[in-house]
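Novice: Shown below is the structure under consideration.
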Amino acid sequence: MSTTHAEAAIAHPASNPFISFLRRPINWFLLFIPITVALEHVHGIPAPVLFFSAALAIVPIAATIVASTEQLSTRTGDAIGGLLNATFGNAPELIIALVALKAGLLDMVRASLAGAILANLLMALGVAFLLGGLRFKEQRFNPAATRAYSTMMFVAAVSMTVPSAFNRAFATQAGPIREEKMLNIGIAVLLLVAYGLYLLFSLKTHPHAFASVESDGGGGHDLEEHWSVARAVVTLVLASLGAAWMSEILVGAAEGTGQALGMSQVFIGIVFVAIVGGAAESGSAIAMGRKNKMDLSVGIALGSCIQIALFVAPVLVLASYFLAPKPLELAFGRAEIGSLFMAVLCGALVCGDGQSNWYKGIQLLTVYAIIALMFYFMPAAT
Amino acid sequence: MSTTHAEAAIAHPASNPFISFLRRPINWFLLFIPITVALEHVHGIPAPVLFFSAALAIVPIAATIVASTEQLSTRTGDAIGGLLNATFGNAPELIIALVALKAGLLDMVRASLAGAILANLLMALGVAFLLGGLRFKEQRFNPAATRAYSTMMFVAAVSMTVPSAFNRAFATQAGPIREEKMLNIGIAVLLLVAYGLYLLFSLKTHPHAFASVESDGGGGHDLEEHWSVARAVVTLVLASLGAAWMSEILVGAAEGTGQALGMSQVFIGIVFVAIVGGAAESGSAIAMGRKNKMDLSVGIALGSCIQIALFVAPVLVLASYFLAPKPLELAFGRAEIGSLFMAVLCGALVCGDGQSNWYKGIQLLTVYAIIALMFYFMPAAT
Amino acid sequence: MSTTHAEAAIAHPASNPFISFLRRPINWFLLFIPITVALEHVHGIPAPVLFFSAALAIVPIAATIVASTEQLSTRTGDAIGGLLNATFGNAPELIIALVALKAGLLDMVRASLAGAILANLLMALGVAFLLGGLRFKEQRFNPAATRAYSTMMFVAAVSMTVPSAFNRAFATQAGPIREEKMLNIGIAVLLLVAYGLYLLFSLKTHPHAFASVESDGGGGHDLEEHWSVARAVVTLVLASLGAAWMSEILVGAAEGTGQALGMSQVFIGIVFVAIVGGAAESGSAIAMGRKNKMDLSVGIALGSCIQIALFVAPVLVLASYFLAPKPLELAFGRAEIGSLFMAVLCGALVCGDGQSNWYKGIQLLTVYAIIALMFYFMPAAT
């Protein structure tokens, strides 16, 4: 969606879909799909090369997933369209995490969940405020919607803190105790119910409170072209398969990349994997910020955080009982939980008044940089 | 008070006080007093039966205490009336806690204090927002008063965190060190002074900032009937004695109930005892929410939290030196302190803009459910 | 500056600078300089006497530093004047901390940094709100500026929490690990960059958002007298040397004072040293509060906190590599970090609506008193 919107204003609606496809620079990155596949068969290729090649391939695929979801949602009416957007909006993150889950890399799954929230809340929003603020002295957005998002984020942070603290206090050498598994399942179910009611609230009973976000999700007015339902569905399926394929290569190369670059698994997960998975929304939030559409910008960045915490995370917990070698607990480390809470409170303070300027962007980016530095220097042992 | 208000609008002022008494459904629960007393003498009665029978008996007694306090306060003028309400408003919680204190069940006292705050802040307010929001799309209340409450709650949370952290860091096997006792006494005195000044502030120098809450406390306008001072005093004394009697049975059966139902003492205290003690105010806050009197609703729920933290808690600390087998320290566990902080911040975020809707109720209830789940699954050992 | 402003309204501009000098009661405290020097040579003088004599001598010196900085800044135009104020405004704290750093008293340096923030945010602002509120029922200030300050304070708290948590988790018996030193240097550089951009923001791109604070810093309108640049520079240099001299005596006597009075080093640092270093700004913030100039009052108190966290602290970290026997890590204890976070959140809650009254002062002072009690009773071992 990132480029769809960013380009919509300047691109000339081409009659030939292929030409219009090539006109969008992001699609050139699709070339990294064959490159990655080829590289995978080169013997002795360094892991970081494979990792970053797969990462670059995922970015346009993620954008394509988001774009085809949007096309589908314009064909289905507001409520179902909103639901589609809300469900598939974070499909890239979900796909990467499912692949890592299946591979049993639970630490990376957790790190990429926490990292995705940090990346959206601090980095994407920080860059959007900074670049928007350099163009416009003072930018405004709907503070009521932001407050609703902040509270949801806080609820989400609580829902991650409680099982994490539980794990630290009670997990034994042999792993988490039985009660912890039940607590995790209970919280996952609660979050999915809360998320379902949140969709009801934002799409049905109080859409006006989120008006501008809605006009982004459901409105196809600024879409450059209109796809048929068949094309949208086929694209969505193909892109999802492609994302899964590239994710497997990405996740497979992650360990070797960490060793080669002297970075811990957690750092790789919390910074690189998270940024790759969320690149489409981040790009979109930043583009909206530069165009002074702050309501859209804030809505995309914070809405994405909420989806990850209240939809992707509990789905992964429940899916782990079917897919993963062992169940996923929401047992984040102290550093991850601390970072999440600091990010959520910082976001609430910064966005609370419905105004932004370039220095608010710097504040968010400073917090992100401090947190990233911490994870970079953190010894792998813990 | 719960029903007093709720019924005032519909009940026909009866000339016969006995008939009007029977008309209020809550008073039928008074039948649980003789039932509880009878059950206590049945040999081999299961503890949970006795526990819940005593709990059901306490609910109407608590309502009676609140109602007679209100009657008294209408006879005494605004300032003294406000003082009476502020002092006896949480009499049920205080009585239950004093009984548990005397029995040396310090963990239960602490759990019921923390639980009473959680129940008021998250459950009562959550249900009030939810039920109110289902009837009215958007409800509004005075954000300035709410902010004053939020800050008081934050001060209260700090005052509970500091001695708890101190205890975790310095208490030895032999119990708390001498400095911790002095710290507890010092903080208790500070809190009582702060509470006294809070009454001065809210009743004398800035009553306008709390106007609607005041009109609830001091105003007998919507009281169904007017009692003589003698009747109010006698009722208050009898109800308090009854509350103490039922509390002893409740507290005595708590341990057996926990064992029989597989629940820890802390869970019993933080959920059941807390809800029983605060049922009167909770009911009142919810009833006001449904009648769209949100200022009253928020004022009752948050005011009750403040009273517990700044008045009931320090009184219990000081009283423990005279009543209890050993002094009560405000040494809450990590889970309790963490829950309190999350509840206070969540309350501040949710209520900060002076608006509520049904989904805000869901948010508060979700946090309450997550916290309750945590305490339910928490192994008793800790 | 404290008295400069406070007296400006009442003092008659004297033609004789010496007379006008003696008219200000604070300058009589300068007599404590010779007293302190004399006491230092008395054999067997109790350490507390020397400590408090040096402390009383520092107060007027600090006021002189602030006053001569202000005089200089009126001669240099708004931007450079603002920069001068921002750089030398916390010179007393910086000088005391540098002296303690050189003496290798790293715990005292950290305690005085944390204490300076607590003293400004809770004590100075609390007294200003209380005394102002006793005179004026309701006082108002610019909530946008306060929100910017609160966010900066939050960023600062994050920047102190991260290395402290890192230290607790990874430091070995032999001291901090190599990664921790690099993390500290990285964060120090980040903070100085953020502070530089903050000056750019508040002095150049968005001065209007801080208008009233600016008119305090740059405006010489209410200065009683106008000094020549030479006089201002000479005074500034002499006062800084005097501050360094007295600080050495203060720091040298701190250990003996703690032992004599039964107080820990941390308590001495966090309460006494911090109050002495910040007395000038605190006095100024309080005087402005009493004169109902709340924007100035809040700006001085919160601006000073930000300077300490984002300028003084990183400068000390970097300076420690040249001056101190071993590098300074921002490794605060749990109690200090917890207090900082509670203070920052409390400040954000209390000031967030741009209104103050006497009870808000009581709330801030209660939190300060609870924290001070905790440090007083905390065993020295930890």
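Novice: What single numbered condition from (1) surrounded by fewer than 18 Cβ atoms within 10 Å (Cβ to Cβ); (2) touching a residue at least 40 places away in the same chain (Cβ under 8 Å); (3) more than 14 Å from residue C:108 (Cβ to Cβ) fails to hold for residue C:256?
Specialist: Evaluating residue C:256 over (1) surrounded by fewer than 18 Cβ atoms within 10 Å (Cβ to Cβ); (2) touching a residue at least 40 places away in the same chain (Cβ under 8 Å); (3) more than 14 Å from residue C:108 (Cβ to Cβ) leaves (3) as the failure.
Novice: State all residues of segment A:228-244 that are in contact (Cβ under 8 Å) with a residue 24 or more places away in the chain and not polar (S, T, N, Q); if no residue qualifies, say none.
Specialist: A:229, A:231, A:232, A:233, A:236, A:239, A:242, A:243, A:244
Novice: Sticking with this structure for a sec: Being hydrophobic (A, V, I, L, M, F, W, C), more than 8 Å from chain B (Cβ to nearest Cβ) and over 19 Å from the mean Cα position of the chain (by Cα) is the filter here, so list the residues in segment A:149-183 that pass it.
Specialist: Listed by number, the residues that qualify are A:171, A:174.
Novice: Quick one: which of B:359, B:321 is among the hydroxyl-bearing types (Ser, Thr, Tyr) and more than 12 Å from chain A (Cβ to nearest Cβ)? Spell out how you get there, then give the answer.
Specialist: Details: B:359 fails: more than 12 Å from chain A (Cβ to nearest Cβ).
Of B:359, B:321, the one residue that is among the hydroxyl-bearing types (Ser, Thr, Tyr) and more than 12 Å from chain A (Cβ to nearest Cβ) is B:321.
Novice: Would you check which residues across segment B:71-109 are farther than 18 Å from residue B:303 by Cβ, outside any helix (DSSP H, G or I) and among the polar types (S, T, N, Q) and list them?
Specialist: B:76
Novice: Determine which single condition residue A:300 fails, assuming it passes every other condition in (1) in contact with a Gly (Cβ under 6 Å, 6 or more places away or on another chain); (2) within 18 Å of residue A:364 (Cα to Cα).
Specialist: For residue A:300, the failing item is (1).
Novice: Need the failing condition index for residue A:89 against (1) over 25 Å from residue A:343 (Cβ atoms); (2) at pLDDT below 85, just the number.
Specialist: For residue A:89, the failing item is (1).
Novice: On to the next question. Among the residues of segment A:29-53, what is the count of those that are at positive phi and in contact (Cβ under 8 Å) with a residue 60 or more places away in the chain?
Specialist: The qualifying residues number 0.
Novice: Could you say whether any residue in segment B:89-99 is among the aliphatic types (A, V, I, L, M) and within 14 Å of another protein chain (Cβ to nearest Cβ)?
Specialist: Checked segment B:89-99: no residue is among the aliphatic types (A, V, I, L, M) and within 14 Å of another protein chain (Cβ to nearest Cβ).
Novice: Now for a separate question. Go through segment B:107-132 and give me each residue that's modelled with pLDDT of 90 or more, farther than 15 Å from residue B:275 by Cβ and surrounded by fewer than 24 Cβ atoms within 10 Å (Cβ to Cβ).
Specialist: Correct list: B:130, B:131.
Novice: How do the pairs read when you match residues in segment B:119-145 that are under 9 Å from residue B:290 (Cα atoms) with residues anywhere that are buried (at least 21 other Cβ atoms within 10 Å of the Cβ) and among the basic types (Lys, Arg), using Cβ under 6 Å and keeping only pairs 6 or more apart or on different chains?
Specialist: Within 6 Å, the pairs are B:129/B:360.
Novice: Which number in (1) part of a helix (DSSP H, G or I); (2) within 14 Å of another protein chain (Cβ to nearest Cβ) marks the one condition that residue C:137 misses?
Specialist: (1)
Novice: Yes or no: residue C:312 modelled with pLDDT under 90, assigned to a helix (DSSP H, G or I) and crowded, with 20+ Cβ neighbours inside 10 Å? Give the steps one after another, and end with the answer.
Specialist: Working: modelled with pLDDT under 90: no; assigned to a helix (DSSP H, G or I): yes; crowded, with 20+ Cβ neighbours inside 10 Å: yes.
Criteria not met by residue C:312.
Novice: Kindly indicate whether residue A:371 is within 9 Å of another protein chain (Cβ to nearest Cβ), closer than 24 Å to residue A:280 by Cα, over 19 Å from the mean Cα position of the chain (by Cα) and of a type in the set (Val, Ile, Thr).
Specialist: Judged against the criteria, residue A:371 is not a match.
Novice: Free of Cβ contacts under 8 Å to residues at least 40 places away in the same chain and surrounded by fewer than 22 Cβ atoms within 10 Å (Cβ to Cβ), is that true of residue B:322? Outline the logic, then answer.
Specialist: Numbers: free of Cβ contacts under 8 Å to residues at least 40 places away in the same chain: yes; surrounded by fewer than 22 Cβ atoms within 10 Å (Cβ to Cβ): yes.
Yes, satisfied.
Novice: Does segment C:315-373 hold any residues that are in contact with a Gly (Cβ under 7 Å, 6 or more places away or on another chain), of a type in the set (A, V, I, L, M) and at pLDDT 90 or above, and which are they?
Specialist: Across segment C:315-373, the qualifying residues are C:364, C:365, C:373.
Novice: Would you please name the residue that is farthest from residue B:272 (Cα to Cα), looking only at residues in segment B:329-356 that are of a type in the set (Asp, Glu) and more than 10 Å from chain A (Cβ to nearest Cβ)?
Specialist: B:329
The values are calculated or read from the model by the stated rules, or taken from the named source; none is laboratory data. Model, not experiment: these values are computed from the prediction. Every residue, glycine among them, receives a Cβ derived from its backbone with ideal geometry; neighbour counts consider all protein chains shown.
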